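Structure first, commentary second.
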Amino acid sequence: MSNRMLKNATLLLLLFVLTLTGCHNVLMTGAMIFRGREQQPKYDILLKGEKTVAVVPRAVSSNAFELQNAPQEIARQVHYLLEENILNTVRPNHRNKKLTLVEQAKVEKWLDNCNNNFDSFAEVGRDRSIKADIVVGFTIVGFQIRDPRDPYMVQGKCHVEVEAVDAATGKVLASETLIIVYPPSSPMHAANPALEPRLRREFVGVIAQHIAALFHWHIPHELQGIDADSINLHRL
């Protein structure tokens, strides 16, 4: 089938669906067809009941040079994604109006005061300055941008362990190990000095999306990775 025929068939299918659903569902139906079905989170603990949640990063990676402030940057983006996709979303079944997210500035101040040295995520949540019911914590076990075998090649690789814990009891409510590679296709040659910092910024955002999506509705194929060509990294 030619591209033109395929496009016409797609349009006919869309028009047929719209006649069944009514015009008021045009935007929703279009999104369902072209973006794919949204999937409920693997852990729905943030969608139910009144609760205060803190996002807490930790790192055990020895690669301090490349890691830099990545844990804090990831935590800020996870906080934002949970806020947008659970607290502020317009979709009723995706929303929890009773969710409260502890400001990341408070979490970062607490971590600075203890020099990022703490025994458990529950310990952070129980502190009087945090007062969280649930802590969404993640530990960066490995993080790299440059290939150690070839420093001229760059590709984001991250091993992150995610936990959600009840701050009062220490009970683990969710646990997941994520291995994230970005872009997923292959490393890139860092001929342009602007490539590495941009890749790092993009990679931090990708890691945050994977962590947050464990707890909110999302479109699965958007988490499967974006090829370097589609984000114009090769054109730098």
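Please treat every number below as a calculation from the coordinates, not as lab data. Note that the coordinates shown come from a computational prediction; the quantities given were computed from them, not determined experimentally. Using ideal geometry, Cβ is built from the backbone for each residue, glycine included, and neighbour counts are taken over all protein chains shown.
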Could you tell me the calculated FRET efficiency between LYS97 and SER129, based on Cβ-Cβ distance and R0 = 35 angstrom, to the nearest 0.05? 0.90
What does the convex hull of the alpha-carbon atoms of region 37-235 project to on average, in nm²? 11.5 nm²
Rounded to the nearest 0.05, what FRET efficiency do ASP119 and GLU66 have when you use their Cβ-Cβ distance and R0 = 30 Å? 0.70
At a Förster distance of 35 Å, what's the computed FRET efficiency of ASN192 paired with ALA168, Cβ-Cβ distance as r, to 0.05? 0.10
Can you compute the modelled spin-label distance between THR89 and LYS42, with each label point 7 Å from Cα toward Cβ, in nm? 1.7 nm
